[in-house]
Amino acid sequence: MAGGAGPLHGARGRIAQGTLAEINVTPLVDVMLVLLVIFMVASSVEAARISREAETLRQTINEEQAARAQGDEAQVPVDLPRVHADKLPAAGKAGKPVVSFDGERRIWLDKELLVDCRPKSVDACLDGFDAGLAKSAKGKGLRDAHLRADRRLDYGLVLALMARMRRAGIEHFGLVSEDPGK
């Protein structure tokens with residue numbers, strides 16, 4: 001570039017000696033202020049959403065505790081096994097009858113005694129369960145239920161009841177347990 005044909009040579013493209021190229025700070029400050037306002041609005045909206053979610057969660061917990069307190073009064077006392085398991089949603093559990101097998105070898109459908117198995121053999125007990133289920137108004141056409149069995153009962157006896165429940169037409173049933181933290 002001996003002839004001075006480069007872009008820095010010539011009258012128009014020449015940077016005057018003694019001037020410095022400076023950054024214009026005003027647009028930078030404007031952008032920073034806009035970002036600050038955006039973040040402030042976003043954080044207040046997020047805080048409001050979190051407080052609404054917390055209030056909804058508190059209401060849900062209070063409703064579940066009230067339902068559990070009512071449910072405990074309406075159930076046969078059974079010493080349930082303690083295991084870690086996922087909790088069922090309250091809406092899925094509502095309306096399902098509960099078959100309870102207590103430590104005194106009595107089988108209940110909700111609060112209705114179906115059969116007292118204390119003086120009977122296992123087969124006679126399960127035959128009594130079939131007869132009691134057929135007599136019960138809640139037992140007719142029953143297809144879904146929860147099974148609560150006392151942990152002091154013989155494992156084979158509970159399995160025999162489960163098999164008899166299937167034979168009686170109760171195709172879907174869940175086993176109820178307690179949280180070990182209780």
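Identify the single condition in (1) within 30 Å of Leu57 (Cβ to Cβ); (2) charged (D, E, K, R); (3) modelled with pLDDT under 85 that Asp144 does not satisfy, given that it satisfies every other one.
So the condition that Asp144 fails would be (3).
Just give me the residues in the range 25-53 being among the charged types (D, E, K, R) and under 38 Å from the mean Cα position of the chain (by Cα), in sequence order.
Within the range 25-53, Glu46, Arg49, Arg52, Glu53 qualify.
Looking at the range 137-155, which of its residues are in contact (Cβ under 8 Å) with a residue 24 or more places away in the chain and out of contact with any Asp or Glu (no Cβ under 9 Å at 6 or more places or on another chain)? Break it down into steps so the answer makes sense when it comes.
Kept after step one, since they are in contact (Cβ under 8 Å) with a residue 24 or more places away in the chain, are these residues of the range 137-155: 138-139, 141-153.
Scanning the range 137-155 gives Gly141, Leu142, Ala145, His146, Leu147.
The values are calculated or read from the model by the stated rules, or taken from the named source; none is laboratory data. Bear in mind the structure is a predicted one, so any value in this text is a computation, not a measurement. Using ideal geometry, Cβ is built from the backbone for each residue, glycine included, and neighbour counts are taken over all protein chains shown.
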